[in-house]
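For reference, the structure discussed in these notes is given below.
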Amino acid sequence: MTRPESLPVSSRRPAPRLLRLLAAVLALPLLGAVGGCKSGDAATRLTRELLSMPKEEAYARGDALVSKRKWQQGRQYLRFVSENYANDPIGKQAALRLADSFYEEKTALALLEAQARYRDFRNRYPSHPKADYALFRLAQCADRQAEHPERDQTNTRTAASSYREVLQAYPDSPYSLEARARLKAMRNLLAEHEFRVAHFYVNRRLWKAAGLRFTGLLRAYPDYDKMERTLFEAGLVELKLGREEDALALWNRLAQDHPKSALLRKIPKSHRGMLAPKTAEAERAGG
């Protein structure tokens, strides 16, 4: 029996790596042909170029093109390197640069693609030296899509969760300082959303619903930038609900945390004298 090693070169099976390379580049002329002869010729030239080009040069070419905002052209090089050298350092670098190119494009669709690619990078290379960067960028993608406080806050919550994960998983990361600042900004957006919903109920005299929202806000977001007005209005709602002690507790906290607040003078006169001694003193100072 003839041994496999003695088969003619033409009858040997191609190496798996070569098959992957061919599959990746052969798709380019097929796609280009849809657009006509000119685009097909360009795709064919690109196929030949990629097959003969060192991976480092292909990466450099792609990086240079996306840096000039030539997204589609540059991504063809980066995609080729990332898909065909996935376990090589240059392949991982290309995967991250490809994600960055979508982030830098800034359109809504591009940000969604960037999110998917940063998430994929973290899943595939969890111990990569730039795993913290990928997570930080993932948070920034959601951050850029965060809505006004009166609208749905899904992206805000996603951003906050990812920023928090950066701080927990990579406390010494160079991105931790900005992640902490943006986490606070996202939490303020979420708290403002809760405040506006509570105020919506107040305007409709739905005191119980408003009270539940204020209670949730106070519990979940103690670091809210506008806690002063929250304590005051939450106290008014508690009074409407007949919970006088709870209202006084909120106003005492207002006076303790914000002794010079002008809102202290807006506490109903019937209840100012019922504040704790130090609180009453703060109320007079605020006036």
- Net charge near F121: determine it from the other residues with C-beta under 14 Å of the C-beta of F121, scoring Lys and Arg +1 and Asp and Glu -1. +4
- Task: Name the lysines eligible as straight-distance cross-link partners of K130: C-alpha to C-alpha under 30 Å, and not fewer than 8 places from it in the same chain.
- Result: K55, K68, K70, K92, K106, K184
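Over segment 157-224, what is the relative contact order in whole percent, taking alpha-carbon pairs under 8 Å and six or more residues apart?
Values: 49 pairs, mean separation 18.6, N = 68.
For segment 157-224, the relative contact order is 27 percent.
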- Would you mind calculating the gained length between E104 and E245 on full extension (0.36 nm times residue separation, minus the Cα-Cα distance), in nm to one decimal? 45.4 nm
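FYI, it's all coordinate maths here, none of it is from the lab. Please read these numbers as outputs of a predicted model, since none were measured by experiment. Neighbour counts run over all protein chains shown; Cβ positions are idealised from the backbone, glycine included.
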